[in-house]
Amino acid sequence: MGEDPSSSQMSEDDDRSPPLDPISSNKARNCSGSGCPSSSSSSSTDYIIPYPDQVLENVLENVLCFLTARQDRNAASLVCKSWYRAEALTRSELFIGNCYAVSPRRATDRFSRVRAVSIKGKPRFADFNLMPAHWGAHFGPWVSAMAKAYPWLEKVYLKRMSVTDDDLALLAESFPGFKELVLVCCDGFGTSGLAVVASKCRQLRVLDLIESEVIDDDVDWICCFPESQTCLESLMFDCVECHVNFEALERLVIRSPSLKKLRLNRYVSIGQLHHLMVRAPQLTHLGTGSFSSSEGNAQGDQELDCVSAFAACKSIVCLSGFKEIFVDQLPAIYPVCANLTNLNFSYANISAEQLKPVIRNCHKLQTFWVLDSVCDEGLKAVAATCKELRELRVFPVDPREDIEGPVSEIGFQAISEGCRKLQSILYFCQRMTNEAVKAMSRNCPDLVVFRLCIMGRHRPDHVTGESMDEGFGAIVMNCKKLTRLAVSGLLTDQAFSYIGQYGKLVRTLSVAFAGDSDMALQYVLEGCPKLQKLEIRDSPFGDSALRSGLHHYYNMRFLWMSSCLLTRQGCRDIARALPRLVVEVIKSDQQQVETGEYVDILYMYRSLDGQRDDIPKFVDIL
Amino acid sequence: MGLQAAAHSSSSSIDSSNHPDLDDLLPKPSGSSSSSSLSHKINGGTNSRNSRRSTHTRTDLSTDLRLGLSISPSHHSDLSSTTSSPREEALVSWPPIKSILRSTLSGKSENYHHQNSSLFVKVYMEGIPIGRKLNLFAHDGYDALITTLSLMFKTTILCPDNNHVHSEKYYVLTYEDQEGDWMLVGDVPWEIFLTTVKRLKITRADRC
């Protein structure tokens, strides 16, 4: 599954922080192009000068230790210079929302006692092949700087970063107390890198690889963990697409008494899963691997009694995997259903009939990810039982555009009626109606995240033939806590007018194939004061729309616009008007000679350190 | 079948993130087409492809194998006209599903792991302890194989039909057959080679 709920402190949607900004309080906080002097950064290094209120300073440092939320810390750092210094000395968790917004040097200069670092790299649309490879977001410079600055570093969390085996080796060698490595949607490294981490990080408690691409270097990394008892609490490698040495894995599980979270990859058969579960009945989070028999073993595994293995694991609250599910074995999980808060069936191609006996027992379920193979009927079953549901994601088995589609507004509306506590929904479908969306806006007022993906581009309400403006309008109007919105279907400028008018808390907005004119984008840029992340593709927005956001771009983490109607000159105008903004123009196809009138991809973001020095050939910084 | 296909369809252990040299040759994994989708919006018609389309993702090997390994981005090859799957017209980048999920699901329905569609062998190079894996079925002959390996290991490998130059600068390709003997690659017809090869090794030319 995606980010563990317990790491919500680091989730994108929580980000309300102003820029990491060393400017002291008697200068304007808003970097409005007046040329914030870089000399202020030198004041952050003057810690040694003696000053009168040493006692008060110590008190402050001790009190600040209790301040953990970074928004609070940022606020505290702005009170005055001594608070700024004290806060910088006591901040132990560093969050970098955009790895290019600040240089590693500046970050490590300001914060000298960091134990946990969280860095995010590529923009989200890179997940969908919109960004060419080798764009950047290299972990290298960060790990090099931290190796010198933070010898006591314990935790690293990376999302959409490019990490090499050498980076992992440097990490493993530089931090003797290293405890937690979480790599989400990362790439560039392989099993060799994992081997170094496993063997050298003797205090390792957490090694979580989530939706990352891991190169198969033929290295048996599981064997590289120390032979003695380990401190491992969490080992997640469900995304690793290579064989693991099962005997070594079993031995590892046996000598890891603290292991609570284990997510296996699809090369682990159900028989092997059974062995492991017997060894680790204390597990709370389990990724079941393939959940089917290995090829030569079909007969033997059918005799397998996995039910007792699941019954023995009384603590399981989070279940995922099922990468190649052998549905006959699904009843094995019944013993744990009643305790489940988190169930991920997003790789399990199961029908409504196969889902029902499972979901019927999942009264405590709060997070459910599923494939649309369960159809509207399956969703109705979810709505009937899962009254505590907070998050639902429905993914398409067949992500094409012009097919019938097994889920529709019917399942959607059923969910809204049954799961009133819903806070987050991601729903892929082929057909939707404004009525159903409006119903959800009324039934689920706690919605914070609303992402509806009608897969056919520009598809209208399939009953009335109208645009989907009114449905999305109702969402922004009625869901007062909404911070994240993704729109789809046929949308006119009116939808965006609603968003600008009512979406006052929206921080993240995703737009694709929508809108009629520049006004749509203007409504949003002028109307949504909290907007931080805006990603737009294939929509008819041009240079004047872009200009309408000049007052706001310094408050945003980034703006992405691809396949829109922006010209190079339009982008250049923005770059000139806002010197602290990095304006990247990216060619999406390297082999194409640059002839188009419009820019392929515009990716722009605020930065304290100007242009990055690692731009590939296909990127121009204006 | 071009070089691009061969290089791209090898096992996931080569991808362009490891081999910057391949950048110039591999089609870039970006699927969006700007002007065509805007004209779709304006005209209300179905999306028409433009020549800048690229359909590959690094993990989308199942497509490679099924469609005959290549749709070159810069010119519509003959292959694209003969395969008429509806996915032809679709964008790889839409709907917004992550590659990992997309390829896992499509791989399942197409029996991605079926024996007949791939033959992975290990390849080692002299002096480098870590080997790589390569799908021989993804290549149409010795030339393609040698080119792929030259790129993978960043070195010059002599073709079997060149005159053997015994020099330490160059490498040659050898393979272990079913009997455990090590032979120079290229001495038997390609199809027969595929049935007898167990693994490959790149050794220095002066050692042969």
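The values are calculated or read from the model by the stated rules, or taken from the named source; none is laboratory data. Fair warning: this is a prediction, and the values are worked out from it, not measured in the lab. Cβ sites come from the backbone with ideal geometry, for glycine too, and all protein chains shown count toward neighbours. Ligands, DNA and RNA are excluded from the accessible area calculation, which covers all protein heavy atoms including side chains. Shrake-Rupley method; radii C 1.70, N 1.55, O 1.52, S 1.80 Å.
Annotations
- Selected residue (only one of A:A512, A:A545 is within 10 Å of another protein chain (Cβ to nearest Cβ), at pLDDT 95 or above and crowded, with 19+ Cβ neighbours inside 10 Å): A:A512
- Only listed residue being modelled with pLDDT of 95 or more and either away from every other protein chain (no Cβ under 14 Å) or more than 24 Å from B:K98 (Cα to Cα) (or both), chosen from A:G378, A:G300, A:G296: A:G378
- Qualifying residue in the stretch A:140-156 (condition: touching a residue at least 12 places away in the same chain (Cβ under 8 Å), small (G, A, S) and either part of a loop (DSSP other than H, G, I, E, B) or buried (at least 20 other Cβ atoms within 10 Å of the Cβ) (or both)): no
- Some residue of the stretch A:66-89 being within 20 Å of A:F139 (Cα to Cα), touching a strand residue (DSSP E or B) at 6+ places or on another chain (Cβ under 6 Å) and open to solvent by less than 40 Å² (accessible area, probe 1.4 Å): no
- In the stretch A:178-211, the qualifying residues are those that are closer than 17 Å to A:K155 by Cβ and within 12 Å of another protein chain (Cβ to nearest Cβ), and the one that is farthest from the chain's Cα centre (by Cα) is A:L209.
- Residue match in the stretch A:427-445 (condition: over 27 Å from the mean Cα position of the chain (by Cα), of a type in the set (A, V, I, L, M, F, W, C), open to solvent by 10 Å² or more (accessible area, probe 1.4 Å) and closer than 23 Å to A:R400 by Cα): no
For every residue, the table says whether it meets (1) modelled with pLDDT of 90 or more; (2) out of contact with any Lys or Arg (no Cβ under 8 Å at 6 or more places or on another chain); (3) among the charged types (D, E, K, R).
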{"site": "A:N58", "(1), (2), (3)": "no, yes, no"}
{"site": "A:L64", "(1), (2), (3)": "no, no, no"}
{"site": "A:T68", "(1), (2), (3)": "no, yes, no"}
{"site": "A:Q71", "(1), (2), (3)": "no, no, no"}
{"site": "A:A76", "(1), (2), (3)": "no, yes, no"}
{"site": "A:E93", "(1), (2), (3)": "yes, no, yes"}
{"site": "A:C99", "(1), (2), (3)": "yes, no, no"}
{"site": "A:V102", "(1), (2), (3)": "yes, yes, no"}
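- Any hit, the stretch A:587-596, residues being at pLDDT 95 or above and open to solvent by 20 Å² or more (accessible area, probe 1.4 Å): no
- Residues within the stretch A:488-507 that are open to solvent by 10 Å² or more (accessible area, probe 1.4 Å) and in contact with a Ser or Thr (Cβ under 8 Å, 6 or more places away or on another chain), tallied: 6
- Within the stretch A:561-580, the set of residues being away from chain B (no Cβ under 14 Å) and open to solvent by 10 Å² or more (accessible area, probe 1.4 Å) comprises A:Q569, A:R572, A:D573, A:A575, A:R576, A:A577, A:L578, A:P579, A:R580.
- Positions within the stretch B:124-141 being under 24 Å from A:F189 (Cα atoms) and either within 14 Å of chain A (Cβ to nearest Cβ) or aromatic (F, W, Y) (or both), in sequence order: B:Y124, B:M125, B:I128, B:P129, B:I130, B:G131, B:R132, B:K133, B:L134, B:N135
- Positions within the stretch A:392-406 being in contact with a strand residue (DSSP E or B) (Cβ under 8 Å, 6 or more places away or on another chain) and within 13 Å of chain B (Cβ to nearest Cβ), in sequence order: A:R393, A:V394, A:F395, A:P396, A:V397, A:P399, A:G405
- Residues in the stretch A:99-139 that are in a helix (DSSP H, G or I) and in contact with a Leu (Cβ under 7 Å, 6 or more places away or on another chain): A:R106, A:A107.
- A residue that is touching a residue at least 60 places away in the same chain (Cβ under 8 Å) and in a helix (DSSP H, G or I) cannot be found anywhere in the stretch A:177-186.
- Filter result for A:S517 (within 12 Å of chain B (Cβ to nearest Cβ), under 28 Å from A:S441 (Cα atoms) and more than 26 Å from the chain's Cα centre (by Cα)): yes
- Within the stretch A:565-586, residues that are in a helix (DSSP H, G or I) have Cβ atoms under 6 Å from residues that are open to solvent by 10 Å² or more (accessible area, probe 1.4 Å) and not hydrophobic (A, V, I, L, M, F, W, C) in these pairs: A:G570/A:D543, counting only partners at least 6 apart in sequence or on another chain.
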